[in-house]
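Undergrad: Starting off with a structure, shown below.
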Amino acid sequence: MNIKITGTGSYVPNVIKKNEDFLQSEFLNADGSAFKQNNEVIIEKFKAITGIGERRYADTNQVTSDLGFIAAQKAIADANIDPEKLDYIIVASNYGDVKHENTQCDTVPSMASRIKHNLGIKNPSCVAYDLLFGCPGWVQAMIHAHAFMKSGIAKKCLVIGAETLSRVVDPSDRDSMIYSDGAGATILEISENERGILSHEAASHTFEESQYIYFGETYDTQSSSDTRYIKMLGRKIYEFALNNVPLAMKSCLEKSGTDIKDLKKIFIHQANEKMDEAILERFYKLYGMETPENIMPMCINELGNSSVATVPTLFDMVIKENYKKHNLNKGDIVMFASVGAGMNINAIMYQY
């Protein structure tokens, strides 16, 4: 029994937020002190490290489940299936629905329940639930769906990654420039002929690393608000990712029985361009190789970091739009890989 992606869909929001739009921001250090550099220098350094030139934000009338619903519609249409035949809808998200100019996270009912409702699915046997696994959530939801289908309790699954991180950022934190909004979705079905998912790997590092990404107070010490925002320890995350992600990728590759030279593309979570490049460099060095050219599609320059949505969105754009001259042919072997809050790591080997 093989598990194959038969449909993909993504939603890239319409609102474009460029780097220069942050020139008037009042960025502060974690202790509330001002930076010595002006915003032009801060933004220039930010762009050089992260690769981000602009990002996308949801319209003011949209919430996370709306983005996920649109991506799901596209994936269902692409797979040409009856949504009533879905056995599971699994939605990876971190903060639920957060309305514009309202920092309260709303997760009841779940994103999956809301999306199932919006899709008009009446079948109660279609089980809908959310998965909280940080940025690697969509990859982990794919692993969940794969397990259900391998066990025989599901034949068709809809897996969605959707997030509106722009609603939970601290405007006084320069890291707020990293985050964006978006959604990506996939339909998984059983295939007797094509191989699909070949292997997967996952790990949770929580002994010292659990608080590398967390919800914390604003850096603005003059503020009396008790609102919490997404925060991260950037240097620690960078070091953690470089030390651990390549090893997880190697384990996943070897479980699949694939020769590394047969790997055509690596779809890695769009967190930080320099970090992603360094991860791949270390991964290939484990095999005594240089990183092949054109193996890693990147959309972070235009779309920013939309957390759980980055990998499925990028995959959808490559196979449908030949994004930045990246493309796949039937039979090509690819890897999905991600790292994020938890700290969690995962990877999937997949034959297209």
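Bear in mind that the values in this text are calculations on the coordinates, not laboratory data. Here the structure is a predicted model, which is why all the values come from computation and not from measurement. Virtual Cβ from ideal backbone geometry, glycine too; neighbours counted across all protein chains shown.
Undergrad: Using Cα-Cα distances under 8 Å and only pairs 6 or more residues apart, what relative contact order does the chain have, in percent?
TA: Details: 828 pairs, mean separation 89.9, N = 352.
In percent, rounded to a whole number, it is 26.
Undergrad: Report, in cubic angstrom per residue, the convex hull volume of the C-alpha atoms of the chain. Before the final figure, lay out the partial values.
TA: Working: hull volume 47.3 nm³, N = 352.
Convex hull of Cα atoms, per residue: 134 Å³.
Undergrad: Moving to a separate point now. If each of Glu254 and Thr60 carries a label point 7 Å out from its Cα toward its Cβ, how far apart are those two points in nm?
TA: So the label points at Glu254 and Thr60 sit 5.5 nm apart.
Undergrad: Still on this structure: Compute the separation of the alpha-carbon centres of the stretch 211-261 and the stretch 103-124 and state it in Å as a whole number.
TA: Cα centroid of the stretch 211-261 versus Cα centroid of the stretch 103-124: 28 Å apart.
Undergrad: Using the Karplus curve 6.51 cos²θ - 1.76 cosθ + 1.60 with θ = phi - 60°, what ³J(HN,Hα) values do you get for each residue of the stretch 342-352, in whole Hz, with x for Gly and Pro?
TA: Using θ = phi - 60°, the values come out as x, 7, 10, 9, 7, 7, 9, 9, 9, 9, 6 Hz.
Undergrad: Also: With everything on Cα atoms, drop me the angle between helix 39-50 and the longest principal axis of the chain, reported from 0 to 90° to the nearest 10.
TA: The angle comes out at about 20 degrees.
Undergrad: Continuing with the same structure: Identify, among Asn29, Asn243, Cys126, the residue whose Cα sits farthest towards the positive end of the charge dipole of the chain, taking +1 on the Cβ of Lys and Arg and -1 on the Cβ of Asp and Glu, with the dipole about the Cα centre.
TA: Cys126
Undergrad: Another question, then. Against the longest alpha carbon principal axis of the chain, how many degrees, from 0 to 90 and to the nearest 10, is the axis of helix 234-256 turned?
TA: It is inclined by approximately 10 degrees.
Undergrad: Something else about it: Mind putting a number on the dipole of the chain about its Cα centre? Charges go on the C-beta only, +1 for Lys and Arg and -1 for Asp and Glu, and I need it in Debye to the nearest 20. Could the numbers behind the result be given before it?
TA: Working: 36 positive and 45 negative charges, 172 e Å.
In total the dipole reaches around 820 debye.
Undergrad: Tilt of helix 64-79 relative to the longest C-alpha principal axis of the chain, in degrees (0 to 90, nearest 10)?
TA: For 64-79 against the chain, the angle is about 30 degrees.
Undergrad: In the stretch 223-314, what chymotrypsin sites (Phe, Trp or Tyr not before Pro) fall in a loop by DSSP, with at most 15 other Cβ atoms inside 10 Å?
TA: Numbers: sites: Tyr229, Tyr238, Phe240, Phe267, Phe283, Tyr284, Tyr287; in loops: Tyr287.
Qualifying residues, ordered by number: Tyr287.
Undergrad: Run through the DSSP bridge list for the chain and note the antiparallel percent, rounded to the nearest 5.
TA: Values: 44 of 61 bridges.
DSSP beta bridges in the chain are roughly 70 percent antiparallel.
Undergrad: So, one more: Using the Karplus equation 6.51 cos²θ - 1.76 cosθ + 1.60 (θ = phi - 60°), what ³J(HN,Hα) coupling, rounded to whole Hz, does each residue of the stretch 194-205 give in order, writing x for Gly and Pro?
TA: Whole-Hz 3J(HN,Hα) from phi for the stretch 194-205: 8, 6, x, 5, 9, 6, 8, 8, 8, 7, 10, 9.
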